[in-house]
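Heads up: the structure comes next, in structure tokens.
The values are calculated or read from the model by the stated rules, or taken from the named source; none is laboratory data. All values derive from a computational prediction rather than experimental measurement. Because the Cβ atoms are built from the backbone with ideal geometry, glycine has one as well, and the counts that use them run over all protein chains shown.
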Amino acid sequence: MNIAFWSPMHGTGTTSGLLAISIAYSELERKRILLTQTHYNLNNLEYPLLGDVGEDDFFRDTGIDAALRNFKSGNISEEQLADCTIKTGKNLFLMAGTHASSKEGFENDMVKSMTIHILHMAGNYYDMVFTDTNSGYGDYSLNMLNSCDAVVVSLNQNLFMLDAFLKDDRFKDKKMFYLFTDYDSKRKYNIKNISAKYKQIGKENSGLIPHSAHFADSVCDRKVYRFIADNIECDSDHADYDFFSQLKNTVEKLEVFFDSVKKDKTGKTEEG
């Protein structure tokens, strides 16, 4: 399955939410997950997971750039695709984003189309492909959203953003899961009040990642994998128990949500 992690606006914590979900998901559900991104020249996934190892020419023979080179010479094989990834955990694999020198070259229509095709091919080899997609409504993002199986939408508790996004009907037929990152349960507009106000958001298709200073620091310190993997099964006396409890609950909801998307897709395919 191909899942886009996306937000209608910048600054909602899409990338940090994706890191938390992908690591927890790979640990709890034992699914092989490929993690990648469509951003130009931003290493927001690589550095938190790999630290300084990704400096200089490290990604010359790996990542999306290498996959594109292989694809240009013919359909990329499973082995070639595996050579373009880095194993960052027991079940988590990273295909680094582009290190191309030209944004225009990376984001031209042909390269965008090839990238989307490569990610769909990867869906045949991995249980899940999670793509950190550019925020906003640019053509590249809209193409990604339209081509994937489902979208995890990163949101916050800002009613102005929620009003604008949920009144936009261009995604009305798309399978969407609403993820509230850096969530604060003490705010007036908690998930209960938000769900009451916006009928699109329900218990089954929404999840929370509470605010955690320790989680934020682990991303900055480039130790996010160990922070999640070592503590995801923590006891109730742990300082970040609420964070991990809600994260686990969100992963469980996502597993049910993805299963329903898969069944719906299979049913439609069979009927077609």
Can you name the residue in segment 227-262 that is surrounded by 13 or more Cβ atoms within 10 Å (Cβ to Cβ) and of a type in the set (Gly, Ala, Ser) and, of all such residues, is nearest to Ala150 (Cα to Cα)?
-> Ser260
Checked against (1) in a helix (DSSP H, G or I); (2) at pLDDT 80 or above, Lys90 satisfies every condition except (1)
Here the residues within segment 139-188 that are touching a residue at least 60 places away in the same chain (Cβ under 8 Å), of a type in the set (A, V, I, L, M) and under 17 Å from Phe5 (Cβ atoms) are Met144, Leu145, Ala150, Val151, Val152, Val153, Leu155, Met161, Leu179
Reported set for segment 135-149 where residues are surrounded by fewer than 22 Cβ atoms within 10 Å (Cβ to Cβ) and either touching a strand residue (DSSP E or B) at 6+ places or on another chain (Cβ under 7 Å) or among the polar types (S, T, N, Q) (or both) is Ser135, Ser141, Asn143, Leu145, Asn146, Ser147, Asp149
Since Thr85 meets every condition but one in (1) within 30 Å of Gly11 (Cβ to Cβ); (2) surrounded by fewer than 19 Cβ atoms within 10 Å (Cβ to Cβ); (3) among the polar types (S, T, N, Q); (4) at pLDDT 85 or above, which condition does it not meet?
-> (2)
Filter segment 227-272 down to residues that are basic (Lys, Arg) and either modelled with pLDDT of 95 or more or outside any helix (DSSP H, G or I) (or both), then give me how many there are.
-> 2
Of these, Ser141, Ser113, which one is part of a helix (DSSP H, G or I) and within 21 Å of Asn70 (Cβ to Cβ)?
-> Ser113
